[in-house]
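Only the coordinates and a few stated rules stand behind these numbers; no lab work does. Everything numeric here is computed off the predicted structure, so don't read it as measured data. Virtual Cβ from ideal backbone geometry, glycine too; neighbours counted across all protein chains shown.
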Amino acid sequence: MYPSELIPSDPRFGSGPSLVPLQFIDALKDAGVHLIGTSHRKAPVKNVVKGIQEGLTKYFNIPSDYQIVVGNGGATFLFDMIGLGLVEKKSAHFTCGEFSNKWFKSHKKVPWIEAEEFSVDYGQGIDAKNVDDADLIAMTLNETSTGVQMTHLPEVDENTILAIDATSGAGQIECDISKTDLFFFSPQKVFASEGGFFVAICSPKAIKRALSLNEDKSRYIPEIMNWKLAIDNSAKNQTYNTPSISTMFFLNEQVKLMNEVGYQGALELANKKADLIYGWAQSKDYLSPYVAETKYQSKAVATIDVDDKVNVDEILKDLEKERIVYGIDGYRKLGRNQFRISLFHNITFEDLEKLTKLLSYIIEQKL
């Protein structure tokens, strides 16, 4: 039905869960009885956690006085955990899409803190800034729903936490972690694992804040969201409660894979993919980047609007039925006629190039 030379080698282009290499699954099978079904307090599992922590320290060049805290529950879980255990009185949120707004709304529901929102319309970007009466600044490195990246890091004082939700950008959108206090993500995006797990890279300032608020016995903090428990267990290369071993295993394999090219190498590859996708969109009169301002165009998730004469849903249904391309539909709540294409590390440049040619072939047959 479609020219064979236009068919990608792997159909997975979704913005999460992302493409998990099949060799990771083979490696997990090889680990077999020596890992799966083992207590997370025992060496085989603790060594996987240690591998993640050491690998990420190398990859991001994390300062030696920072701590990598890990635990169960993804970024949405952390939104509440941050509100309950890292905000003293007020958090300020810079929002431009579904997930940055979701973080704001989670803090807004905590009765003993204040949450203030600074927002722009979906598809636009916003630069975070220091807010005088806020003790935590919440910004999103990459808004997965809209394909907006926000890389400007404001300077904050010694009493303010700069917290970055890096879920779909960590690893290939440049960010100096030493200028942040909390850089967190769940690993089902660039880091090619599955959901239900978090990585939180914490500065000494963030650790101090977490431990101090934990001493406030009048504040309600569920045990599962207790930062001290998470910090103490992570220092022992383990999670507080029983984790999904396969999730951690895949993450560790991906960290090893990305360390082979290094942080700068991964950034360069992401830029190359972004240039391809946005260049394609600008070269076709039936396409346009949803994010108009170049500096906010994501290097991890590209959103491309399509002329209304073309029914994107029909194209995607057929591609999925033929098992050729998965996961490039726009975010459901936007309701736009668009493609949302992952540029994550494991998606090859060659497959993205084939995807653009395939989509152009299909669209041009219809126009």
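Things to note:
- Relative contact order (%) - criterion: Cα under 8 Å, at least six apart; region: segment 131-248: 17
- Under a 5 Å amide H cut-off, with hydrogens placed 1.01 Å from N, GLY71 pairs with PHE198 among residues at least 5 apart or on other chains.
- Cross-link partners of LYS90 among lysines (Cα-Cα below 26 Å; sequence separation of 8 or more within a chain): LYS102, LYS105, LYS108, LYS109, LYS129, LYS179, LYS205, LYS208, LYS217, LYS228
- Here the label points at SER178 and TYR2, each 7 Å from Cα along the C-beta direction, are separated by 4.5 nm in the simple model.
- C-alpha center-to-center spacing [segment 6-55, segment 68-101] in angstrom: 26
- The length gained on full extension between LYS90 and TYR361, counted as 0.36 nm times the residue separation minus their Cα-Cα distance, comes to 92.4 nm.
- Charges were assigned to the Cβ only: +1 to each Lys and Arg, -1 to each Asp and Glu. The resulting dipole of the chain about its Cα centre is roughly 1000 debye.
- Only helices enter this figure: runs of n ≥ 4 DSSP H residues, each worth -39500 (n - 2.57), summed and divided by the residues of the chain, yield -12500 deg cm²/dmol at 222 nm to the nearest 500.
- Of GLU194, GLU353, GLU322, the one that fluctuates the most in a GNM where the chain has Cα springs shorter than 10 Å: GLU322
- Descending by average beta-carbon neighbour count within 10 Å, the peptides 165-175, 214-224 line up as 165-175, 214-224, the highest first.
- Near-label residues of segment 1-29 by backbone N, under 14 Å of a point 7 Å along Cα→Cβ of ILE324: 1-12
- Extension gain, ASP313-GLN124: 0.36 nm per intervening residue step, less the Cα-Cα distance, totals 65.6 nm.
- Relative contact order (%) - the chain, alpha-carbon pairs under 8 angstrom, separation at least six: 24
- The alpha-carbon of LYS273 sits under 20 angstrom from the alpha-carbons of these lysines, leaving out residues fewer than 8 places away in its chain: LYS189, LYS284, LYS295, LYS299, LYS354, LYS357.
- Cross-link reach list, lysines versus LYS42, counting only Cα pairs under 16 Å and skipping chain neighbours closer than eight places: LYS50, LYS236
- Multiplying the residue separation of GLU268 and TYR220 by 0.36 nm and removing their Cα-Cα distance gives an extension gain of 12.8 nm.
- Segment 120-171-segment 320-339 distance, computed between alpha-carbon centres (Å): 27
- Here is the list for segment 84-120: trypsin sites (Lys or Arg not before Pro) lying in DSSP coil, each with at most 15 other C-beta atoms within 10 angstrom of its C-beta, are LYS89, LYS109.
- In segment 1-51, the trypsin sites (Lys or Arg not before Pro) that fall in loop regions by DSSP, at most 15 other Cβ within 10 Å: ARG41, LYS42
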